[in-house]
Amino acid sequence: MPGAIEDYAVIGDRHTAALVGRDGSIDWLCLPRFDSSACFAALLGDERHGRWLLGPAGDHESTRRYLGDTVLLETTFTTDTGTATLLDVMPTGDDRADVVRRVTGVSGSVRMRHEWIVRCDYGLVRPWVRRAEVEGEEVIVAVAGPDQLVLSGSRLPRAVDGRHADEFTVHEGETLTFSTTWVESWRELPGPPSWEDSIEATRTEQVGWAGRCGPGIPHADLVVRSLVTLRMMTLAETGGIVAAPTTSLPEDFGGERNWDYRYCWLRDAALTLESLLAAGFVEEAGHWRAWLLRAVAGDPQDMQIMYAVDGGRQLPERELDHLPGYAGSRPVRVGNAAVSQRQADVLGEVMIALAQARDIGLPADRHAWALQRVLIDDLATHWDAPDHGLWEVRGPQQHFTHSRVMVWAAFDRAVQAVERHGLDGPVDTWRSLREEVHAEVLAKGFDSSRGTFTQHYGTREVDASLLMIPLVGFLPGDDERVLGTVAAVEQDLMRDGLLLRYRTASGVDGLSGDEHPFLACSFWLVSAYAAAGRTDDAHALMDRLCALLPNDVGLLSEQYDVAGQRMVGNFPQAFSHLALVQAALRLRSPS
């Protein structure tokens, strides 16, 4: 069975990513791209659905770390007879799709187990496997439809009961290297490069990138780890960032709240742009902005909330009945039906990010403002329509207060573009709409009897997204209405010291079951405290979150079960890492 979510680490090459367990098993890998079908899918089933194991054959203890500010993962196995390390790398910059695994004997001797079980199409298809020779080296080749995977290495496993398995002993000073390479099934088998050179080039490039993070940021180690992870989850050529490299890790163990996050949400792309700019990565932020502008280009009516990593629009949702799901959580879904939802907050996030880029001085794209004008003019025609909200509810559309606040933010940033930067546009109209939206939110989205803003018009429920009200400038952080909202959110949504998104018992999301505290929401509370001048409270909460939530290598999931002390939901989760970065930046010491 797969391990606990927190027991996984991630490696990647900015095209796809693999989840590696403490035991040395790669239980999830989609090749060649984040949203391709998985060839190792034990994460959502068991070993019969594909995995690649390199770990001790008997009892052992393991520790692990990333090599500096990289996604090169080193796991140390300690047994009664010795110690060995396993280095897992997905080399970058070579236009290949490789996973390289290097076993090194450190002391004594360690008996190692090697299993290579390829199951294509999310664990459904057993490939045709044969041995071949490439440049004088014997390799194992697995072919199924368009996919071809090639295993090479110091010692190849043998076919045993539908899998390839082996045991060997690694002694002090010995090194064995293995690699799995994906190529299209109709292409010639690739020759092995110099893995030593590939590993070192990958390490050097990643360390150099992370070293540009600005000074004075609290919990800088976790901030850098978050930024490195976000970059790893970004397609190198396009700049599209996936919400997570996994699908269907459950929000409710054994329940139906299982979604495919291997796509690019405009909201995540915008927040990534904001975080990079604030952290000092001005040049790199241009890549993310370019994806954002390409994604929203075209008829405003056709703008989606999410896209494929290459900007593709078709993400049909289907269920994989052959997979039992993580911890029995079904259905397992690929694709995401939320692609067709209306979420009125998205354009506000995009406009905030592009405004920040202008303010910092990121060189302008000559088409960018024209595109933003078209989108804002379109928003002016339907800003008052209900939507599905930030949380992509599958219940009825509502007039969500957070969505309305972000509509205000969209008009506000358009006005600022004219007033601060001299860009052209119907600024009087936009000012009028900004004032109209602001007045409506205060009139219909605020419960004066409780002294709090509400989740949507006509309800007394609150929502953690209301914490964004001061963060986007809708009201000051110390406004009495904001302070009342913070208090109501704490009262209604705090569970075991962490915040829920909303109360699922209200039925607003149209789904059965419950969920756990949503990590990003607690980091928003840090930011809300800071905006209210509660600096000591903000630092205290940030310290607690950073001690509790990340796993041993600094990765965050979507949600956290405090009682069970376990991570919940897709992993690693971009939204959680973005919220951590933004909270830390708000607490940054003056330079």
- prompt: Expressed as a fraction of 2.2 N^0.38 Å, the rule-of-thumb size for a compact globular protein of N residues, what is the C-alpha radius of gyration of the stretch 370-418?
  reply: 1.25
- request: Using only Cα positions of the stretch 246-329, each an equal point scatterer, no hydration layer, compute I(q)/I(0) via Debye at q = 0.20, 0.24, 0.25 Å⁻¹ and quote the log10 values to two decimals.
  value: -0.93, -1.08, -1.13
Calculated P(r) of the chain - Cα pairs past 30 Å, %: 52 percent
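Using only Cα atoms, what is the ratio of the radius of gyration of the stretch 280-427 to 2.2 N^0.38 Å?
Against the empirical 2.2 N^0.38 Å value, I get 1.20 for the stretch 280-427.
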task: Have a look at the stretch 342-438 and give its Rg and Dmax from the Cα atoms, expressed in angstrom.
output: 13.6, 43
field: Equivalent ellipsoid semi-axes - Cα gyration tensor, the stretch 180-237, angstrom
entry: 33, 14, 8
statement: Those helices of the chain passing the 15 Å axial Cα length cut-off and the mean Kyte-Doolittle cut-off of 0.5 (DSSP H runs only) are 220-232, 266-279, 346-360, 519-531, 574-586
Check: the chain dipole with +1 on Lys, Arg Cβ and -1 on Asp, Glu Cβ, in debye: 280 debye
query: Which value, in debye to the nearest 20, gives the size of the charge dipole of the stretch 243-361 about its Cα centre, when Lys and Arg are +1 and Asp and Glu are -1 at the Cβ?
result: 140 debye
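So for the stretch 222-275, considering every pair of alpha-carbon atoms, how many percent are separated by more than 15 Å?
Values: 748 of 1431 pairs.
Result for the distance tail: 52 percent.
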message: As an exercise, take the mean of 1/r over every pair of distinct alpha carbons in the stretch 441-586, invert it, and state the Kirkwood radius in angstroms.
response: 15.6 Å
query: Projected onto the charge dipole of the chain (+1 at Lys/Arg Cβ, -1 at Asp/Glu Cβ, origin at the Cα centre), which of F411, T83, V282 gives the Cα projection farthest towards the positive end?
result: F411
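Could you tell me the ratio Rg/Rh of the stretch 186-319? Both radii from Cα atoms, Rh via Kirkwood.
That ratio equals 1.03.
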field: Segments 255-264, 469-478, 162-171 sorted - mean Cβ within 10 Å per residue, highest first
entry: 255-264, 469-478, 162-171
task: Average the reciprocal distances over every distinct pair of alpha-carbons in the stretch 81-141, invert the result, and give the Kirkwood radius in Å.
output: 14.8 Å
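With N denoting the number of residues in the stretch 507-591, provide Rg(C-alpha) divided by 2.2 N^0.38 Å, to two decimal places.
The reported ratio for this selection is 1.16.
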message: Keeping every protein chain present and rolling a 1.4 Å probe, give me the accessible area per residue for the stretch 380-492 in Å².
response: 39 Å²
statement: Mean accessible area per residue over the stretch 115-164 (1.4 angstrom probe, all protein chains present, square angstrom) is 48 Å²
- prompt: Taking Cα pairs under 8 Å and at least six residues apart, what relative contact order does the chain come out at, in percent?
  reply: 12 percent
task: Rank T454, L323, S179 by how far each Cα sits towards the positive end of the charge dipole of the chain (+1 on Lys, Arg Cβ; -1 on Asp, Glu Cβ) and give me just the farthest.
output: T454
- prompt: Within the accessible area of the chain, what % is carbon and sulfur when the probe is 1.4 Å and the other protein chains stay in place?
  reply: 47 percent
- request: Counting helices only, and only those DSSP H runs with n ≥ 4, report the 222 nm mean residue ellipticity of the chain as the sum of -39,500 (n - 2.57) divided by its residues, in deg cm²/dmol to the nearest 500.
  value: -10000 deg cm²/dmol
Calculated P(r) tail over 21 Å for the stretch 1-99, as whole % of Cα pairs: 33 percent
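List the equivalent ellipsoid semi-axes of the stretch 131-207 in whole Å, largest first, each obtained as the square root of 5λ for an eigenvalue λ of the Cα gyration tensor.
Result for the stretch 131-207: semi-axes of 23, 20, 11 Å.
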task: Taking 7 Å along the Cα-to-C-beta vector as the label spot, tell me the D552-T169 distance in nanometres, rounded to one decimal.
output: 2.7 nm
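For the stretch 541-585, build the convex hull from the C-alpha positions and give me its volume per residue in Å³.
Working: hull volume 3.1 nm³, N = 45.
Value for the stretch 541-585: 70 Å³ per residue.
The values are calculated or read from the model by the stated rules, or taken from the named source; none is laboratory data. The shown structure was predicted, so the numbers you read here are calculated from the model rather than taken from an experiment. Heads up, the Cβs are rebuilt from the backbone with ideal geometry, glycines too, and the neighbour counts pull from every protein chain shown. Calculation scope for accessible area: heavy atoms of the full protein, side chains included, ligands and nucleic acids excluded. Shrake-Rupley method; radii C 1.70, N 1.55, O 1.52, S 1.80 Å.
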